[in-house]
Amino acid sequence: MSKIHAIITGVESFVPDYILTNEELSRMVDTSDEWIMTRIGIKERHILKDKDKASSYMGAKAVERLLAKTNTKPEEIDFVLCATVTPDMQFPATANIIADKVGIKNGFGYDINAGCSGFLFALASASKWIETGSCKKVIVVGTEKMSTIVNYEDRAVCPIFGDAAAAIMLEPSTEPYGVMDCLLRSDGMGRKHLHQKAGGSLKPPTHETIDAKEHYIYQEGPAVYKHAVIDMYEITKELCEKNGLKTEDINWVVPHQANKRIIDSVTQRLGVPPERVMINIHKYGNTTSATLPLCLWEWEKQLKKGDNLILTTFGAGFTWGAIWVKWAY
Ligand code: UT7
């Protein structure tokens, strides 16, 4: 029997309307467009301003658009896997809320939290459900309302993050396209450099945790930066060597959008020229679990059947990895 591959058959997104520019940020904290552009490469990011709407709202919008675009009925979906660090609630899983909002009733769903590697880890995991023959139509959605955990008084963090959602459809194929190979890694020691101090079972919310601003992102930027550059480069190199992929065989690198300088360092080390690297960080900032599918959505029209894509991420955990995808349409 020929091997079943998990192929991507569609991609859609939802980006909220409100644009938070570097100029507006410069009026909120001691920063400048020049500093943010030079050190991070972000010009603007989108923010979901509505207080009564959360990650599931954006995720459901992206999934609704995906169902329409791929001509799929909600009842055909077997599995919804949601990657997020900003779930609507601690429980239930945001995947289930999204499924309810779009009318997916015949399947199951759960969330993955792998920091900024959430979508990559979710894609790797979902592809196994397809490859084993257990599922026929799977939606992987990354959705983040990062603005709810960003301290807009902390200039080291507030320029970085934005809100957005994007989703892909995964289906089986016996042709050799889709997810070809994955390498995933994590190291919990990295938690000291990047975490949210309170709100979990270690430090439940109290007046003190709120006063101490411990429900916001805590990041030691330079330490995370160093690991991101080295680990994304090494895991991508390992994946390529394992599969006999040379630099010239890679049509596109799809990197996590955390810092333009990180993307440039990783891709220069790999020897992949800038015109083969998807970069949209200047428009959206770091949307955590939504960065990779947001790139796929923006570049979809330029992709050709058989293109070799290398997706790579680094995030809280630490978590990092690389996936080789052969584009299927
Ligand atoms: O997506 C999950 C994984 N996360 C990442 O990959 C993020 C990795 N880290 C980074 O991207 C960078 O470390 C940051 C963008 C977070 C920070 O950039 P940096 O070049 O590493 O800056 P730094 O933290 O070393 O700070 C350099 C200086 C400091 O001033 P002094 O101490 O040299 O006087 C900061 O106070 O820049 C200052 N600074 C700012 N200045 C103006 C920090 N933030 C700002 C700001 N505007 N927004």
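The values are calculated or read from the model by the stated rules, or taken from the named source; none is laboratory data. Everything numeric in this text was worked out from a predicted model, so none of it was measured. A quick note on method: Cβ atoms are made from the backbone with ideal geometry, for glycine too, and the neighbour counts reach across all protein chains shown. Ligands, DNA and RNA are excluded from the accessible area calculation, which covers all protein heavy atoms including side chains. Shrake-Rupley method; radii C 1.70, N 1.55, O 1.52, S 1.80 Å.
In summary, Lys305 fulfils each of the numbered conditions (1) part of a helix (DSSP H, G or I); (2) farther than 30 Å from Pro16 by Cβ with the single exception of condition (1). Of all residues in segment 137-159, those satisfying the criterion of being under 18 Å from Lys197 (Cβ atoms), within 14 Å of the ligand (Cβ to nearest atom) and surrounded by fewer than 24 Cβ atoms within 10 Å (Cβ to Cβ) are Ile149, Val150, Asn151, Tyr152, Glu153, Asp154, Ala156, Val157, Cys158. Does Ser134 satisfy being open to solvent by 50 Å² or more (accessible area, probe 1.4 Å), modelled with pLDDT of 95 or more, small (Gly, Ala, Ser) and touching a strand residue (DSSP E or B) at 6+ places or on another chain (Cβ under 9 Å)? Yes.
Taking every residue in segment 212-227 that is farther than 12 Å from Gln196 by Cβ and pairing it with any residue that is near the ligand (Cβ under 8 Å from one of its atoms) and β-branched (Val, Ile, Thr), at least 6 positions away or on another chain, the pairs with Cβ-Cβ distances below 8 Å are Tyr225/Ile262.
Screening Lys3, Lys51, Lys61, Lys73 for residues that are open to solvent by 50 Å² or more (accessible area, probe 1.4 Å) and within 25 Å of Ile323 (Cα to Cα) leaves exactly one candidate, Lys3.
Would it be correct to say that Ile40 is within 16 Å of the ligand (Cβ to nearest atom), within 22 Å of the chain's Cα centre (by Cα), among the β-branched types (Val, Ile, Thr) and modelled with pLDDT of 95 or more? Walk me through how you get there before you give the answer.
On the way: within 16 Å of the ligand (Cβ to nearest atom): yes; within 22 Å of the chain's Cα centre (by Cα): yes; among the β-branched types (Val, Ile, Thr): yes; modelled with pLDDT of 95 or more: yes.
Taking the combined requirement at face value, the residue satisfies it.
The residue of segment 256-270 that is nearest to Leu294 (Cα to Cα), among those that are in a loop (DSSP other than H, G, I, E, B) and near the ligand (Cβ under 7 Å from one of its atoms), is His256. Just give me the residues in segment 299-316 being surrounded by fewer than 19 Cβ atoms within 10 Å (Cβ to Cβ) and either within 16 Å of the ligand (Cβ to nearest atom) or aromatic (Phe, Trp, Tyr) (or both), in sequence order. Within segment 299-316, just Trp299 meets the criteria. Name the residues in segment 20-63 that are without any contact (Cβ under 8 Å) to a residue 40 or more places away in the chain and closer than 13 Å to Gly162 by Cα, would you? Correct list: Thr21, Lys49. One residue alone among Gly221, Gly178 is at positive phi and open to solvent by less than 80 Å² (accessible area, probe 1.4 Å), and that residue is Gly178. The set of residues in segment 225-255 being buried (at least 21 other Cβ atoms within 10 Å of the Cβ), within 12 Å of the ligand (Cβ to nearest atom) and assigned to a helix (DSSP H, G or I) consists of Ala228, Asp231, Met232.
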